[in-house]
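S.K.: Below is a structure I'd like to ask you about.
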Amino acid sequence: MNDEIIIFFLISVIFFLLFVILCQFMAYRIKPRAGMREISRKLKEINDTGNNEKVFTFTDNAELKELAAQINRLLEKHLKTKANYRHSEMASKKMLSNISHDIKTPMTVILGYLEILRMNGGESDEMLTKTEQKAKDVMELINQFFTLSKLESGDMTMELSRINLSEICRESVLDFYEILTKESFQVDIFLPGEPVYIQGNKEAIQRILSNLISNVIRYGADGKYFALSLRTDKKSVLLEVTDKGKGIDKAFADSVFERLFTMEDSRNRRIQGNGLGLAIAKNLVEQLGGTLTLESIPYERTTFTISLPEVKSYVP
């Protein structure tokens with residue numbers, strides 16, 4: 001009798017254990033399905049409403065947790081893409097608005113001068129000179145606009161070759177020397193005696209320097225100082241353009257390279273900035289594999305530093 005009770009007890013225990021195992025198995029099967037349904041429901045809600053929520057699933061299933069984590073990573077990237085698109089869209093609208101304004105103003109002046117010339121029989125050389133200058137301003141603005149558009153769209157390709165950066169610096173300073181001296185700038189040039197070579201594009205370097213020197217003349221005129229220095233640092237070439245003008249506040253230091261960013265007085269008739277020069281310069285430097293940075297202490301020192309890879313041996 002005792003043996004039968006023991007056998008019955010053992011059989012009961014076995015059946016109980018089998019029942020527990022079956023329940024665990026069913027729970028394991030059901031919970032992932034419920035979790036999948038919840039994730040699917042939440043994704044549908046996010047897609048339908050466009051909200052910025054994330055997917056949460058309360059489960060011990062490792063696979064479901066990993067799936068939810070990867071979905072949330074995709075949702076975060078999607079939000080960043082949306083934000084970048086909106087920022088780009090707003091910048092493009094602002095660009096078109098400002099470009100339209102900047103083109104309209106000189107063109108209005110041109111038309112006014114031409115009307116006066118027509119009335120005076122076209123005998124005013126001064127009017128002709130001013131009209132020609134305004135026309136050049138319009139062309140420069142259009143050229144900057146399309147240059148930046150090509151750079152940002154990746155449509156501009158540059159042929160690279162071994163070039164002497166020292167010589168290009170000398171040529172660029174000479175191009176602006178007359179206007180610098182006319183505006184009473186103290187000019188300091190620090191160039192090494194030997195050539196400094198980089199793998200680059202001469203026209204691009206000339207454009208970069210032209211934009212940076214023009215920036216000094218427009219915004220650093222109060223300091224009446226301009227300096228250009230060139231030196232090597234290990235494997236890099238460092239080219240610095242410095243002025244001692246009003247400088248740029250730290251709050252705007254990261255924004256000066258954005259297209260169409262201008263200081264409050266950039267619409268001043270004397271300054272006439274359009275917010276494209278520094279954006280073009282930075283894009284061109286990056287196309288050459290370098291960096292363009294800014295350090296500014298107002299009325300003490302404002303320096304734009306170009307860092308480019310140095311080429312010491314011949315590269316065809």
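The values are calculated or read from the model by the stated rules, or taken from the named source; none is laboratory data. This structure is a prediction, so every number in the text was calculated from the model and none was measured. Reconstructed Cβ throughout: ideal geometry from the backbone, glycine too, with neighbour counts over all protein chains shown. Accessible surface areas use protein heavy atoms only, side chains included; no ligands, DNA or RNA. Shrake-Rupley method; radii C 1.70, N 1.55, O 1.52, S 1.80 Å.
S.K.: Can you tally the net charge around E295? Count Lys and Arg as +1, Asp and Glu as -1, for every other residue whose Cβ sits under 14 Å from the Cβ of E295.
M.R.: My count for the surroundings of E295 gives -2.
S.K.: Here's something else I'd like to know. Could you order Y85, Y219 by accessible surface area, starting with the largest, using a probe radius of 1.4 Å?
M.R.: Reading off the accessible areas and sorting them downward yields Y85, Y219.
S.K.: Follow-up. Check each of the GluC sites (Glu not before Pro) in the stretch 158-247 and keep only those in coil by DSSP with at most 10 other C-beta atoms within 10 angstrom; list them in order. Don't skip to the answer; put the middle values down first.
M.R.: Values: sites: E159, E167, E171, E178, E183, E203, E240; in loops: E159, E183.
Passing both the DSSP loop test and the Cβ count: E159.
S.K.: Shifting gears a bit: Tell me which aspartates and glutamates have Cα within less than 15 Å of K235's Cα, excluding those fewer than 8 residues away on the same chain?
M.R.: Of all the aspartates and glutamates, those that pass the test against K235 - Cα under 15 Å, at least 8 places apart if same chain - are E310.
S.K.: Between their Cα atoms, which of K202/K234; K130/K246; K44/K65; K44/K77; K136/K224 are more than 20 Å away from each other?
M.R.: K202/K234; K130/K246; K136/K224
S.K.: Putting +1 on Lys and Arg Cβ atoms and -1 on Asp and Glu Cβ atoms, find which of S255, S229, N211 reaches farthest to the positive end of the dipole of the stretch 140-265.
M.R.: S229
S.K.: With no solvent and one point per C-alpha, what does the Debye sum give as log10 I(q)/I(0) for the stretch 192-250 at q = 0.24, 0.25 Å⁻¹?
M.R.: -1.04, -1.07
S.K.: Of all DSSP beta bridges located in the stretch 162-242, what percent are antiparallel, nearest 5?
M.R.: 65
S.K.: Between N84 and E171, what is the FRET efficiency for a Förster distance of 45 Å, r being their Cβ-Cβ separation, to the nearest 0.05?
M.R.: 0.70
S.K.: Shifting gears a bit: Keeping every protein chain in place, order D254, D48 by accessible area at 1.4 Å, biggest value first, i.e. largest first. Mind dumping the intermediate values first?
M.R.: Working: D254 135, D48 105 Å².
Listed by decreasing accessible area, they come as D254, D48.
S.K.: By the scheme Lys and Arg +1, Asp and Glu -1, what is the net charge of all other residues having a beta-carbon under 15 Å from that of L180?
M.R.: My count for the surroundings of L180 gives -2.
S.K.: What net charge do the residues around G247 carry, taking every other residue with its C-beta under 10 Å from that of G247, with Lys and Arg at +1 and Asp and Glu at -1? Don't skip to the end; give the middle numbers.
M.R.: Values: positive: K244, K246, K250, R301; negative: D222, D243, D249, E295, E300.
Once positives and negatives cancel, what remains is -1.
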